[in-house]
Amino acid sequence: MMGEYGNPKHIKGSNTLKEINLLSVVIAMLVVLLTGCNDKKEASEGEDNLKVYSSGDKIYYSGEISQSGYEEFKALLSDNIVTLVINSSGGDIVPGMAMGELVFEKKLNVQVQDYCLSSCANYIFPAGKTKYLAKGSQLGWHGGATQSFSDEIVPEKTEDRQRFIELLTGLIQQENAFFKKIKVNQLVTTYGQAAEKHLEVLKAHKMNCAGWSYTVDGLAAFGINNVVLKDGQWEPSSTYKDSCIHHFDMVTIR
């Protein structure tokens, strides 16, 4: 997680062991929030099951978004590659943005066969030139770097708390720059967390959903265009691992 793009040198002033540890906490916190995974064993198993390879003009990526996965993806890029075929439940925020930037810069198409959730939906899918969705494929969001965080996860000591906020601010600035670059409304990562919308989710499902998704028209409202339905239709499931995914039929951006 602390590789090329996770290194504190990318955030101004982060050059002590204590700051590195705090940055690790910030990133680890975002990994939990952006993957829905709070079990280290589950996260490590996701990386152990990572498969990244190329065939013809496509790179296939299956597994958690991680620094090692990003490096394997980057190593396989060539002028012959035109499409990234991905199945991922999410992962690390920093390599997620790094992968998204490469997808955008190389003008790669993104094809989702089964699911693209969390960091995958935040940073990789929107960056694609043309986005292909299989009939039963899933997209899912449940937060980003700009979401509100509970004070419980912020260090209590004033010095640590201040530095923690500075480091988190650095990640927020990086995410701001990313969405500006790909010309997508950053609100796509947090839209479902607004109080009035969250109440709609609870009312619709009588439970707290793990995340949310959008229709093709909803995606377009955030600037996520050029979405192609590979089978002529898109019928994503309303659940993922026994947790509901709320689908917004309408998106209103004020």
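Only the coordinates and a few stated rules stand behind these numbers; no lab work does. Just so it is clear, the structure is predicted and the values come from calculations on it, not from any experiment. A quick note on method: Cβ atoms are made from the backbone with ideal geometry, for glycine too, and the neighbour counts reach across all protein chains shown.
A few remarks follow.
- For segment 41-192, share of DSSP beta bridges that run antiparallel, in % to the nearest 5: 25
- Contour minus Cα-Cα distance for Gln173 and Glu156 (0.36 nm per residue): 3.8 nm
- Working value for segment 63-138: equivalent-ellipsoid semi-axes of 17, 15, 10 Å, each the square root of 5 times a Cα gyration tensor eigenvalue, largest first.
- Entry note: segment 205-254 has Rg to Rh equal to 1.01, where both radii use alpha-carbon atoms and Rh is the Kirkwood radius.
- In this calculation the C-beta distance from Ser68 to Val216 is compared with R0 = 25 Å, giving a FRET efficiency of 0.15.
- Full-extension gain in nm, Lys180 to Lys230, via 0.36 nm per residue minus C-alpha separation: 15.2 nm
- Stokes-Einstein diffusion for segment 90-175 at 20 °C, viscosity 1.002 mPa s, with a Kirkwood radius from C-alpha pairs, works out to 149 µm²/s.
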